Amino acid sequence: MEWSKKHYIVNDDNEMLDIESIYQMLVNTYWASNRTRKMIEQSIEHSISFGMYDGEKQIGFARVVTDRTVFSWIMDVVIDADYRGKGLGQWLMDCVLEHPDIKYTSIALATSDAQDFYRKFKFRKTECMTRPVVERE
C-alpha cells in the first residue's frame, strides 16, 4: 500500500526501506539504542514495515508485529529529527492504523514518554505484563 501527502510518501514496501537510515534513527532512541543492524534487519523481515520518504530520502519508520487477524503490536515509530514537529508522526500512525492487515485487529504498543501522542489515536493505558529479554550469547 502507498499513501501520499504533499511531497511525502508512506508505503509498506520493504524493498524501498533504507536500513542504514532506519538504523541511525533507531539507535538514537531510548528503546532501541542497543540494537544491532542485523537485529533491525531481522525484525523488519518478520513485521509489516512502513517507510516514510521525502523524495528518495527515508525520514520515518514504523513496524507492526501481527497475526493479521486478531492482534497487532506497533513498534519503532520514529521520525528523523530534522522532520519532527510537522505532523508527520501523526500521519505515519494514521497510515499504519489504516492498513487492512492491522485495522481490524486489537492493537497494542509500549511507550514511556509518548502517552499523550498515542491517546490521539484512542490508545489507553492498561495493565500489561512483560517478560524481560533474555540476553543473547
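Name the residues in the stretch 65-89 that are polar (S, T, N, Q) and either touching a helix residue (DSSP H, G or I) at 6+ places or on another chain (Cβ under 8 Å) or more than 24 Å from Tyr23 (Cβ to Cβ) (or both), would you? Talk me through it step by step, then tell me what you get.
In the first step, residues of the stretch 65-89 are kept if they are polar (S, T, N, Q); the result is 66, 69, 72.
Thr69, the sole residue that qualifies.
I'm trying to understand the selection: among the residues of the stretch 110-136, which are acidic (Asp, Glu) and assigned to a loop (DSSP other than H, G, I, E, B)?
From the stretch 110-136, those acidic (Asp, Glu) are 113, 116, 127, 135; that's our starting set.
Scanning the stretch 110-136 gives Asp113, Glu127, Glu135.
Only the coordinates and a few stated rules stand behind these numbers; no lab work does. Since we're looking at a predicted model, the values are computed, not measured. Neighbour counts are summed over all protein chains in view; Cβ atoms, including those assigned to glycine, are modelled from backbone coordinates with ideal geometry.
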